[in-house]
Structures are given as C-alpha cells and as structure tokens.
1. Taking 0.36 nm per residue of separation and subtracting the Cα-Cα distance, what length does fully extending MET258 through ASN451 add?
2. Taking all pairs of different Cα atoms in segment 304-413, averaging 1/r and flipping that mean, what Kirkwood radius in angstroms comes out?
3. Using the structure shown, list the pairs from LYS75/LYS300; LYS122/LYS211; LYS527/LYS639; LYS268/LYS300; LYS257/LYS427 with a Cα-Cα distance above 27 Å, or answer none.
4. Taking a virtual spin label 7 Å from the Cα of ALA529 along the C-beta vector, which residues in segment 464-497 bring their backbone nitrogen under 12 Å of it?
5. At a Förster distance of 60 Å, what's the computed FRET efficiency of SER78 paired with GLU419, Cβ-Cβ distance as r, to 0.05?
6. Pull out the extension gain between HIS642 and ARG604, defined as 0.36 nm times the separation in residues minus the alpha carbon to alpha carbon distance; nm, one decimal.
7. SER392 to GLU367: extension gain in nm, 0.36 nm per residue of separation minus the Cα-Cα distance?
8. How would you rank 102-109, 228-235, highest first, on the average number of other Cβ atoms within 10 Å across their residues?
Amino acid sequence: MADHKSAVEGEKHLVAAALHIVRALGAHKNLEDDCRKLLVDLDIKLSAMTLTSEENKGGGGLTDIENWMNSVEMKVNSWVLDKTFVLNCSLDEASEYFELVEQVLGLADNLASFPFNDDWKKKELLHQAHTVLHFAMVKLEEEFSHILVKNRQFLETEKGNMSVCLCRDVINEEEDEDGEEQEQEEEVEELSISREFIINLVRPNVIPVLKCIANLMFASKYDQECTLAYIRNRRVALAEVLFRLDMERMSIDELVKMDWPRLDPMIKKWIQSLKTSVRLYLASEKQLCDQVFEEFESAKLKCFIEISKSSMWQVLDFVEAICTGSAEPEKLFRILDMYEVLTDLIPNIDALFSGEPRCLFQMEYREAINRLGCCVKRTFLKFESAVRWEPSTNPFAQGGIHHLTRYVMNYIKIVLEYEDTLNLILKEDDMTVVCPNMIPIREQDEDTSDNVQPLAQQLRIVISSLEYNLHLKANLYTDISLNHLFLMNNIHYMVQKIKDSDLRIIFGDPWLKRQIGKFQLQAREYKRATWGSVLDLLRSEPGGGARPVSKKILRERFRSFILAFEEVYKIQTGWLIPDLQLRDEVQISVSGLVIQVYRSFLERHYNQLDVGGYFGKRIKYSTDDLANHLLELFEGSSKSLH
C-alpha cells in the first residue's frame, strides 16, 4: 500500500515538473506559432491530468478548476469590456491574449472528455467555459474588423492615372509624440502600374495577428462569424477602390439610354480601370485572403469570391449594356478595345478563381466575351450597310473627294489596327448569319481563294459598297463629264490610301491594279465626254475633205470652238482635282490632246484664217495661250476668259 502511494506521489511530481517545464518554454517570445500552440495544448492536458488525479483522491480538483476558470473569466471580461483595441499591435504583444483564449478552448474540450464524479458541476464548468469563449470570440471579431480597417493601405488616383499610395497609418489610436514624428517623416510610396505586381492591402506586420485570430475563431467553430466580418470589411474597401477608379455602378437601362459622346469616354476609362482592378487590386486581394486564411482552403476561395463578385458582376452588366445598345459604326473601336482587354485578362481571371472547377463567374466572363464578339460583327456589318446606303439628294460640289470616301478610308485604316482580333472574330461563323438582311457586294473578279483572311474579305466588301454608293452619287450630276471626274477623284483617293499604308497587304497588288484601271478609265471617259464634241469642231471636214472649205465655214467652226473652249474653261476651272499629281497628269493629258488638234487645225487652215493680214485679230488664242489656260483647270475656283 505504501508502495502504491509512493508511486502515485511520484507520478504527481512528474506531471507537475512537466507542467512547469511547458509553462517555462511557453513564456519565450521567439516561439513559432505551431510550437506555441503545441505547448498550450500540452499545458492544458497536463493540468487536466493533475486536476483529475486530485478529484479522484477527493482533493478538490474541481475547486481548483473553478478558481482557475473564474480567474480566466475575469481577464476575458476585462478585455471584452475594454473599449480600446488591444490586439492592434505586433504578434508578440498579442500572444498573451491568444494563449488565454486557447486555454479556455482547450479546457472546454478537456472538460468534455475527462470523467469527473460530479456531472452537474462538470456541466456548470463547461457552460462557464463556453460562455467565456463566446465573449472572447465576440471580442476577437471586433478586434479582427478593427485591424482590417485601421491598417488598410489605399489606392489613389490622380488626374485619371492610377498610382498606388501605401498610406502608413499609425496602428494605435492613441499615439505618442515619437510615433507622430515618425509618421510625418515617412514618405508616401507611389508605384507605377505599367507592369503587373501585387501590393499589401493591409500593413504586413498585422497579417500574422489576423491569421492567428482567424485560426482561433475557426478552431472555436466561429468560422462563419470570422469570414463574414472579413468579407464585410473587404467589400467596403473594394467599393472605395472602384469609386476611386471611377467605375461607378450604373444600371443596364441607364447605360443603354446614354448618348454616345458621354458613353465613349466612360468606356475608355472603364477599360483602364478594369485592367487596374483585376491585375493589381484583385490580385492583391486574393493574396490577402490566402495569407489570412492560409490553413483553410475553402475559406480562402469563398471569401475572395464573395468580396469580388459584386465588382465582377458589375463588369458583366457593363458589357451587357454595351452589347444591348444600338450597333452604330462609331462604337466599333471601343467595343473592340473592350473585347481585347477582356480576352487579355482571361489568364488573370482564371488565376484569381482557381481552386475549384470553373466557377459560374468564369463561365459568364467568357460568355461576355462571346457577346462582345457578336456585337463587333453586328457593328461591322452595320458599317458596311451604312456605307452602301448613305443617302445623298444633291451632287457633291466641284466633283472632289466626298466626305463618305474620306470617312470610310480613315475608318478602315483604324480597323487594321485590330487585324488579329477581327480575323479571330470574323472567322468564327458566316457573317450573314449575324445580319441575314445584309447582302454583301462582291466583285466578280474578286479573289475568293481560301487563303484570304476574313478581315480582307470584309474590307473588300466595304470598298465595293463604297464604290456602289459613289456611282449613285455620281448619277446626281447633270454634267456627264463631272460624273466621270467625281468617280476618278474618289477611286484614285481610295487607291492612294490603300497603296501608301499597310492596307496594301490586306488588299493585294492584283486588287490595286484593278482599281488603278478603274480611275484611269474614268479619266479617259472624262476626256471623251468633255473634249470629244469640242475637238470635233476642228477635226471634221465637210464633204470628207474632197473639196476646199469656204472661209466662212472655217471661221464659224473656229469661232464655235473658241466659244466652247471658253465655256469649258469657265465651268471646269471651278471643278476640283485635290490630288496635285493626279491634277497634273489630267491637265497634261488634256493639254496634249487639245493642243495637238488645235495646232493641226491652224497649220492646215492658216491662210484661210489670215486673209487681209488680220492674223492677230482673227486668232484669239495661240497654242501657248491655250496650253496655259488648260493648266488652270480643276483648281476649284471658277474663272472667265471674257
């Protein structure tokens, strides 16, 4: 019996010694979190063994537990009732509070598993432990939210450009003078977002504290309260960021009804803000979730999705509004910009929402890109249709370059900047399926080989539509000569714009040769329509040249030619060939034709026209005079020779 008593006493002393060692080790500040938690668990178990042993001997173990529990409750209540936030500091300074909560949690678990003689007393102690734990969790939740708010680092915008300001807030609300001086000395660090990077959205030194609070609340089965507090606070932070980025929340109806001059700059700003929010802010938000909930995979993804989903659905609503609006040609390039940026961000979106099979948002995101692609097709076809059917009721003044021609050529030059994107979008299906009422015009000799890219095919259709419309506009002229001059000017302008740009690769040299032939044909038709009948007055020989022509008839014909020439001069000096090289070529060609016939006529009938020695009076214009007058045509300023 004495031996048994001695053995029990020895075991008791051994447990007490182990408990003393554990508590001594736990007092060290440099322990890792896992080691500290292990020591706390061991402390609780050794204490429970001692208390159980005392209880079995009738030594008042429960009384000791009650006393210890009352002491802990007083500490927790003191902490809970304190209106200040004591955990808003380093992990070392907060560790005593975490250990206190861990001990209460451990005691509650051990009370539930160790047998005691007095079950009623055991239940009372368990209830007390759970009550203390509940109040501790409420306080931890408050501390958790406070740390998230007070240690945020903000994104700032300046003059529409995004920069990152790491605002180093002093953690404690009550600061000493040294702390204020240190804050004043710290500079605000601005970071360019020309490259992708991740920033700290809260001060790095409080992340271990946040992580410990999360671990304790999850261990105490208060994980829902923890994640809700986190989501609530980070949602507010995200809303502020979106506000600073000018990504204002608007309904689809508001956006659809908005006029284009207001919507256009909004889309441009939205594109820049989207890149910033996804590549910079959401990536940083994902990192913060991963750090705080490092040990809880499902919580990491859940929190991030809940925080970001409002902003992401806002993105999808914006896309939906743009796709729902009318497909006006001036919107094409902004829609393409949206398509490209959303496509470029797919890897970022997939990385942000990785961790489970493709979530609903990822699928909706891709569907939004598809809708933008369809919107691009509709808008492009609307442009083709508008080019073909752009109405005119009056002929274009002076026969120059029509504003539609300039608009279309400038438009397709910008289209070329999106060549790869448009080839991808346009090849996905038949364009006529998107707009079945649109019947594209194709030239009979158009290259329809399989190696022609979709964009090249569509641009050729646009040019064919433009030519069709130009012929309609040319028919408004009552003067057939001006009809041909107008077509020559506009087709030549199209050729030059294509030949002198990267569009040449798209259309190809064979196409260019055909177009060059077209404006050259119009130049020949102009000469025939204008000068054919005028020069016939000098060419035709009554009687086929078998007998001499009377001086009266020659003089009448010559006088008629002069009058016709002066009329042409008066009219066609007011016409315009804007391209100087083309103007020179036409003037030289016309001059060569007219002067040759005029000189030939004078040489043949010189004697008949110079009777009586009145050469100077009978011949109003020398060949040089005529040549000089012809060089004054097509300058857009009407003149008279009278």
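1. Working: separation 193, 0.36 × 193 = 69.48 nm, distance 4.15 nm.
That pair, MET258 and ASN451, stretches by 65.3 nm at full extension.
2. Values: mean 1/r = 0.0607 Å⁻¹.
Final number for the Kirkwood radius of segment 304-413 is 16.5 Å.
3. On the way: LYS75/LYS300 32 Å; LYS122/LYS211 32 Å; LYS527/LYS639 20 Å; LYS268/LYS300 33 Å; LYS257/LYS427 31 Å.
From the list (LYS75/LYS300; LYS122/LYS211; LYS527/LYS639; LYS268/LYS300; LYS257/LYS427), the Cα-Cα distance tops 27 Å for LYS75/LYS300; LYS122/LYS211; LYS268/LYS300; LYS257/LYS427.
4. Only 471-489 fall inside the zone, counting backbone N under 12 Å.
5. Working: r = 71 Å, r/R0 = 1.18.
It comes out at approximately 0.25.
6. Working: separation 38, 0.36 × 38 = 13.68 nm, distance 2.71 nm.
Going from the current span to full extension adds 11.0 nm.
7. Numbers: separation 25, 0.36 × 25 = 9.00 nm, distance 4.05 nm.
Roughly 5.0 nm would be gained on extension.
8. On the way: 102-109: 21.5, 228-235: 18.4.
Answer by packing, highest mean first, reads 102-109, 228-235.
Read-outs: derived from the displayed coordinates by stated rules, not from any lab. What you see is a predicted model; the values in this text were computed from it and never measured. Because the Cβ atoms are built from the backbone with ideal geometry, glycine has one as well, and the counts that use them run over all protein chains shown.
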